[in-house]
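Computed from the coordinates by the stated procedures, all read-outs in this text should not be read as laboratory data. What you see is a predicted model, and the numbers here were worked out from it, not measured in a lab. Please note: Cβ atoms are built from the backbone with ideal geometry, for glycine as well, and neighbour counts cover all protein chains shown.
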Amino acid sequence: MALYTKNIVLSLSGGIFLGLFFLHGFSFLATADALVALFFSLLSEGWILKTLAFAVLVGSVMELMQKSGGINGFVSFMTQKTRLVNSPRSALLVSYFIGVLIFIESSITSLIAGAVGRPLCDKEKVPHAKLAFVCDSTSAPVSSLIVLNGWGALLLGLIATQIQTGIIEGDNVNLLLHSVMYNFYAMSALVHFFGCLV
């Protein structure tokens, strides 16, 4: 459905509805009831509300950057004043380096790299799918390699839980720092994509 309609929200909603439809014996009424109950149960979870609030705040900051002209100023600086962006490859490299340098949180990284890279890539006629790949290939890998962010906090919590239940032994900070060198996917994604651009 996502490939046919090119509409992610409709496709995800359809998948959820279809899954619930199968789980509730192909009854439309039971599926609708389960959908409403699921929606309200999710909104009663504190961590989900915090995540939604965080996403709204990040989106608001991005909208403020666009409306204030900050992104257009940066695009003008890169294309006209310094002439650093003059090809599709250089447009993608700027997005790549922004994705590497901003490692606060993977969602923020993707949003900023995408917001800055989109006008550059539009100017150089780079498909949005390539830009999305660059943003995704830098956001999660960089955030998982530099663990001074939300990813590190999540992983510390998961490791601490495993230590408390007796599944593993050791210090959670020490285990996290030593595990970074085994994150082969993140390292290979960054190196491979940079090699393709250069």
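Before moving on, here are some points about what is shown:
- Structure-based [θ]222 nm, the chain - -39500 (n - 2.57) summed over DSSP H runs of at least 4, per residue, nearest 500: -24500 deg cm²/dmol
- Distance from the alpha carbon centroid of the stretch 137-196 to that of the stretch 74-94 works out to 32 angstrom.
- HN-Hα J in Hz across the stretch 118-128 - Karplus 6.51, -1.76, 1.60, θ = phi - 60°, x for Gly and Pro: 4, x, 5, 5, 4, 5, 9, 6, 8, x, 4
- P(r) weight above 17 Å for the stretch 62-103, C-alpha pairs, percent: 40
- Each residue of the stretch 130-147 was assigned a 3J(HN,Hα) from its phi angle through the Karplus curve 6.51 cos²θ - 1.76 cosθ + 1.60 (θ = phi - 60°); the sequence is 5, 4, 4, 5, 4, 4, 6, 6, 10, 4, 5, x, 5, 5, 7, 8, 9, 8 Hz, with glycine and proline shown as x.
- Cα shape, the stretch 42-198, gyration tensor, a/c 1.5 rule: oblate
- Table column - 3J(HN,Hα) (Hz), the stretch 169-186, Karplus curve with 6.51, -1.76, 1.60, x for Gly and Pro: 10, x, 9, 5, 5, 4, 5, 4, 5, 6, 6, 4, 5, 9, 7, 5, 4, 4
- Residue (of 170, 46, 142) at the positive-pole extreme of the chain, dipole from beta-carbon charges: 142
- Anisotropy class assigned to the stretch 42-120 is prolate, per the alpha carbon gyration tensor with a/c at or over the 1.5 cut-off and a/b larger than b/c.
- Dipole moment magnitude, nearest 20 debye, the chain about Cα centre, only Lys, Arg, Asp, Glu C-beta charged: 920
- For residue 147, no residue whose modelled amide H falls within less than 5 Å of its own remains once neighbours fewer than 5 places apart on the same chain are excluded.
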